[in-house]
Amino acid sequence: LASELFGESHSYCSLDEPALRQQAMADPVMLLNRHKPPLILDGINYAPGLLRYIEDDINEHPEQTARFVVTTSQIFPLMEEVSDSLLNRTATATLLSMSLQEIFDTDVSEAPWDKSENDEIRPGHSPVAISEKILRGGFPELALDTGLDAHSWHSSYVQSFLERDTR
């Protein structure tokens, strides 16, 4: 989503990549010199210390806005890294899961379970289809790829979430 919104004006750096993550932790200045702003930094939760260097860069260029777009799946641990001086210069957006209207690609004014004008259920909108979509959930990857095993996907998601958070 960040690439879709800012891809024309910002370069992209994913800290999901182990080599970039290691560089962000070992030598953040080099990483920021290599990937110059405007920059999308995806997965900042893997190198939260990098936020201090981003703050320094922002302080050095107060007249320039939107130099960094930072994404994370874990906002609370990161907020400890953001100092008071940067808090008033950030904007956050929380993304919710996909709605049924998005999953079914319908107008917001018509719910997937609404009947058509002739009182028939719309194709693909049967109670069974709606139940299956609800049980799959609203994560985009799982909601849009019906070939994925929902049970395995959710089990893996919960397991990785628990392992990360209990650590």
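None of the figures in this text is laboratory data; all of them are computed from the coordinates on show. The structure displayed is predicted, hence computed values, not measured ones. All Cβ positions, even for glycine, are placed from backbone atoms using ideal geometry, and neighbour counts span all protein chains on display.
A few remarks follow.
- Computed over the alpha-carbon pairs of the stretch 5-78, the distance histogram in 10 Å steps reads 20, 57, 22, 0 percent, short to long.
- Using a Förster distance of 22 Å, the FRET efficiency for Glu132-Ser156 (Cβ separation, nearest 0.05): 0.70
- Close amide H pairs (under 5 Å, H built 1.01 Å from N) link Ile40 with Ser11, Tyr12, Cys13, Val69, residues at least 5 positions away or on another chain.
- Two-site label geometry, Ser97 and Leu148: point separation in nm, points 7 Å out along Cα→Cβ: 1.2
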